[in-house]
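This report refers to the structure that appears directly beneath it.
The values are calculated or read from the model by the stated rules, or taken from the named source; none is laboratory data. Only a predicted model underlies this, so the values are computations on that prediction, with no experimental measurement involved. Counting neighbours? That spans all protein chains shown, and the Cβs are built from the backbone with ideal geometry, glycine included. Quick note on the areas: whole protein, heavy atoms, side chains included, nothing else; ligands and nucleic acids left out. Shrake-Rupley method; radii C 1.70, N 1.55, O 1.52, S 1.80 Å.
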Amino acid sequence: MSRQRRLRSYEDYEKALSKGVGSGQLQDYQPWLRVQDVKSHGNRSLIFGLKTLRNHHVMSSIESDFFYQAEFNDSVIDIREQFPLLPLNLTEQIAGHIGVKHPLVRGVKGPPVLYVMTTDFLLTVKDPAGGIKYKAYAVKPDCIPTLRMAEKLEIERLFWAMHDIEFKVYVGSELNRIRSKNIAWVTSAIRIDAAHYEHLPFDEVVQALQPGDYALEALCSSQARRLNVEGSDIMTIIQVVIAKKLILVDLTTPIPELGVLRVLSNSYHQKVNERWV
């Protein structure tokens with residue numbers, strides 16, 4: 001991991017911008033803040049993006065929850081985290097207009113330095129009409145916001161309104177946590193090089209995954225005996241076909257913890273055959 005990025009003066013901002021920080025798309029995007037740049041009590045982590053093919057910097061478990069659900073959404077084609085609200089004079093003007101203090105860099109000696117505000121996630125989304133649009137999200141815990149939090153959210157909202165971009169607040173919840181944990185579990189199998197699972201007997205396993213409820217341990221054991229492979233390989237197949245949406249499952253209950261898989265539909269053979277049409 002590279003060293004901490006210094007962002008405490010206007011000269012620091014100019015230097016970062018000259019290096020492309022806060023700009024770019026997909027694999028080329030550089031978030032304004034990285035996990036090594038922020039002192040946080042949250043569960044900071046790097047998550048490799050399946051759509052962007054780069055590591056995403058998330059600053060809390062709630063941001064991780066949002067990321068997994070956003071990436072699993074077929075309409076989302078790009079995810080840019082820690083997106084800077086620039087130019088600075090725009091957020092400064094918005095703060096002045098609504099009569100609140102603009103965030104400042106803490107611990108700076110001398111004249112105050114305006115802090116570059118960021119939005120947690122900016123999504124690029126496919127429009128049903130065939131174009132693209134953008135959606136900005138602030139990610140917050142499920143609690144009553146403080147007055148200062150509300151003030152900063154209002155600056156964010158007005159910033160994106162001036163760009164004609166929808167702004168929403170994503171609030172953590174138990175259901176969101178369960179869904180995201182399930183998505184993280186199934187997609188973990190495809191965040192690794194595909195070569196490690198492409199040799200596995202997908203057809204033989206997936207034909208057994210018709211709509212219904214299955215005890216995972218028993219399913220893996222029976223299929224492993226039938227096909228003479230390791231039970232862990234059967235589990236990988238199950239994860240991959242869910243991650244690739246070749247079978248649809250209920251994500252509202254904690255699958256790994258309960259050890260129960262509810263298959264809602266199976267389109268594996270249909271989608272495989274479509275590749276050859």
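Might you let me know whether the range 132-142 holds any residue that is open to solvent by 20 Å² or more (accessible area, probe 1.4 Å), of a type in the set (Asp, Glu) and more than 12 Å from residue 169 (Cα to Cα)? Looking through the range 132-142, none of the residues is open to solvent by 20 Å² or more (accessible area, probe 1.4 Å), of a type in the set (Asp, Glu) and more than 12 Å from residue 169 (Cα to Cα).
Does residue 168 fit the bill of being farther than 30 Å from residue 259 by Cα, open to solvent by 80 Å² or more (accessible area, probe 1.4 Å), in contact with a Ser or Thr (Cβ under 7 Å, 6 or more places away or on another chain) and among the charged types (D, E, K, R)? Here the answer is no, as residue 168 does not meet what is asked. Note on the range 218-271: residues that are on the phi > 0 side of the Ramachandran plot and either assigned to a helix (DSSP H, G or I) or open to solvent by 80 Å² or more (accessible area, probe 1.4 Å) (or both) amount to 1.
One line per residue, one yes/no per condition, for (1) in a helix (DSSP H, G or I); (2) within 30 Å of residue 240 (Cα to Cα); (3) at pLDDT 95 or above; (4) of a type in the set (S, T, N, Q):
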| position | (1), (2), (3), (4) |
| --- | --- |
| 65 | yes, yes, yes, no |
| 68 | yes, yes, yes, no |
| 82 | no, yes, yes, yes |
| 86 | no, no, yes, no |
| 95 | yes, no, yes, no |
| 121 | no, yes, yes, no |
| 125 | no, yes, yes, no |
| 145 | no, no, no, no |
| 148 | yes, no, no, no |
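So which residues in the range 143-165 are exposed (fewer than 15 other Cβ atoms within 10 Å of the Cβ) and acidic (Asp, Glu), if there are any at all? The answer is 154, 164. Residue pairs whose Cβ atoms lie under 7 Å apart, sitting 6 or more positions apart in sequence or on different chains, and linking a residue in the range 156-168 that is assigned to a helix (DSSP H, G or I) to a partner that is surrounded by 13 or more Cβ atoms within 10 Å (Cβ to Cβ) and not hydrophobic (A, V, I, L, M, F, W, C), are 156/119; 159/91. If you go through the range 22-36 and keep only what is modelled with pLDDT of 95 or more and either more than 20 Å from residue 103 (Cα to Cα) or assigned to a helix (DSSP H, G or I) (or both), you end up with 23, 24, 25, 26, 27, 28, 29, 30. Would you point out the residue of the range 32-66, among those that are open to solvent by 30 Å² or more (accessible area, probe 1.4 Å), in contact with a Leu (Cβ under 8 Å, 6 or more places away or on another chain) and touching a residue at least 12 places away in the same chain (Cβ under 8 Å), that is farthest from residue 187 (Cα to Cα)? Ranking the candidates gives 53 first.
In summary, residue 61 fulfils each of the numbered conditions (1) at pLDDT 95 or above; (2) farther than 28 Å from residue 113 by Cα with the single exception of condition (1). All told, residue 188 meets the bar of being open to solvent by 30 Å² or more (accessible area, probe 1.4 Å) and under 17 Å from residue 50 (Cα atoms).
Applying a threshold of 8 Å to beta carbon distances and a minimum spacing of six or more residues, or different chains, the list of pairs starting in the range 203-219 at a residue that is farther than 14 Å from residue 250 by Cα and ending at one that is of a type in the set (D, E, K, R) and surrounded by 12 or more Cβ atoms within 10 Å (Cβ to Cβ) reads 204/226.
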